[in-house]
Every structure is written in structure tokens, then in C-alpha cells.
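Have a look at the structure below before the remarks.
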Amino acid sequence: MQFPEWKEFQVEPAAKLLGFFIGPAMGKFNWCGPLSKFSNRVKDIKSASASISVNAYDFNSRVAPVLGYQAQLLPLPGGFAFTERIALTTVLRAPNNTFRHGDFFQLNEFRGPKMRSPLLASASALFRTASRTIATWPQWVVQMQKAAHEHLPLETRRQGKLYPKCWDSYSYVQNLRWAYEGFPESSRRADPDQNQLLLQKLSVAGLAIREKYAAANAGAVPPPGSEFFIKNLLCKKRHMKER
């Protein structure tokens, strides 16, 4: 049987659905558009030659938010910490290596501009999705674990990836579990594309946040989608402050 009308049909490694790519090669496509827009808007700020206060306002309102949609289901690439540092240096018109990374977010204590961290805002967005927006992900993790136990090699499962080698990134469900568990460093240590120092810092901050939530919930970390996360209006602000 022939299908001549399908002669131009192409099989792609990933396809876009509602703003996210799905498929074996989704990892290398998901951040291409947002990161390109991020870089272009930083260049626009640089070419505008405005004052530092205006630059800071534009960065906080027009640059940092462009990563927020994908950040609901995806952690930023491992090299983004360096990208963020270069962007902040450019926006503030400062020489390279003038500040340590954390110093950028303390400038307001010395009457400088208050800068927003896209990196930490993205981590917060992923945590909120895991804790409040999508509460059914634990069921999907169980399904993936059963499928991995039946079909994947032992070494792959030992690394906690739950996906075959032909896939280039963790699943969205695993990203949500990673965020909810406090960004544990051990679960991503085998991934060479991740910044290990960044993973360590996220893990320390995530553990501290989980401990605070447990202390506010009779000693137990609230389950995803629980009343603690749904009704606690300070959840978002508390999470960002601890970061």
C-alpha cells in the first residue's frame, strides 16, 4: 500500500505542544527560544544606553520574566548561572568580575537597584508547580518506575533517570519530583550537563525550605496539592525569600 500524499512527511525528534517540546530530543529544544529572547533583550538594554536604574527596571520587568513559562516544568540549563551573571554585569554597566554572584542581589542594601534573579525565580516556579499546580505527578512517577523496571537496564535505573539513552533529558514528571523533594543534589549528580556547584546550592536551599514547611505543618512535609500549599497565600513569597 502506497501513500503518495505522505511523500513529504518528515519524522522529527521533538515536537512543540502548548509551548513545550515533547520527544527524545526535547531537552535541546525547550530552552532555545526563551534563552534567545533573554539574550536579545539584554542586548537591547545595552544598546539603549539608559541609566542604571532604568536598565534595572527593564531587566526585572522585561528580561527576567521571559523564562517563567518554561520554568514551570523545566530546570534551567546548567550553564545559566554564568549567563545570568553576564547579563547582570551588562545591565549594571559594571566591569567583569566586579561582584560575586550573590552581591548583585544585595545592591539595594546600599542604595543600589534591586535586581531580580531569573535563576531563583525559575526554581521557585518549578517548586510551585510541583507543590500546588500539578498535584497528580506522584502517580505518574509510579507509572514511570514500573515501566523502567520492566524495560530499562539496571545501570540506567540506578542513576534514577527512568528513561532510555535515546532521550536527552529528564521527564517533566521527574523535574517536578526533584523540585518537590528540595532539589536534591544526588538525583542529578550523574548528569554532566548540570552545574554541580549550582546543584549543591539548590540542594542546601531546598532542604532548608522543606524543613521550614515541615515545622509549620506539625513536623511533616505537606503532600502536593494539600491545603497547606493551596490556602497558604504566603507560600510563594516565603519560598522566594528563603532562596
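On the given criteria, is A147 free of Cβ contacts under 8 Å to residues at least 24 places away in the same chain, more than 19 Å from I209 (Cα to Cα), of a type in the set (G, A, S) and loosely packed, with under 13 Cβ neighbours inside 10 Å? Considered against the rule, which asks whether it is free of Cβ contacts under 8 Å to residues at least 24 places away in the same chain, more than 19 Å from I209 (Cα to Cα), of a type in the set (G, A, S) and loosely packed, with under 13 Cβ neighbours inside 10 Å, A147 comes out as yes.
Of everything in the range 47-94 that is aromatic (F, W, Y) and within 13 Å of L35 (Cβ to Cβ), the residue that is surrounded by the most Cβ atoms within 10 Å (Cβ to Cβ) is F80.
In the range 93-145, of all residues being of a type in the set (K, R) and in contact with a helix residue (DSSP H, G or I) (Cβ under 7 Å, 6 or more places away or on another chain), the one that is nearest to L202 (Cα to Cα) corresponds to R128.
Listed conditions (1) among the charged types (D, E, K, R); (2) outside the structural domain of A71 (by TED's automatic domain parsing); (3) assigned to a helix (DSSP H, G or I); (4) under 30 Å from S171 (Cα atoms) are all met by E5, apart from (4). Considering the range 13-27, the residues that are exposed (fewer than 14 other Cβ atoms within 10 Å of the Cβ) and under 18 Å from the mean Cα position of the chain (by Cα) include one that is farthest from P75 (Cα to Cα), namely L18. Which one is modelled with the lowest pLDDT among residues in the range 185-243 that are within 27 Å of G27 (Cα to Cα) and among the polar types (S, T, N, Q)? Across the range 185-243, the extreme among qualifying residues is Q194. Report yes if K161 is at pLDDT 90 or above and either closer than 21 Å to K28 by Cβ or outside any loop (DSSP other than H, G, I, E, B) (or both), otherwise no. Here the answer is no, as K161 does not meet what is asked. Selection of the range 106-128 for residues being aliphatic (A, V, I, L, M) and outside any loop (DSSP other than H, G, I, E, B) yields L107, L119, L120, A121, A123, A125, L126.
The values are calculated or read from the model by the stated rules, or taken from the named source; none is laboratory data. Computed from a prediction, not measured in an experiment: that's the story for all the values here. Note that we place each Cβ from the backbone using ideal geometry, even for glycine, and neighbour counts take in every protein chain shown.
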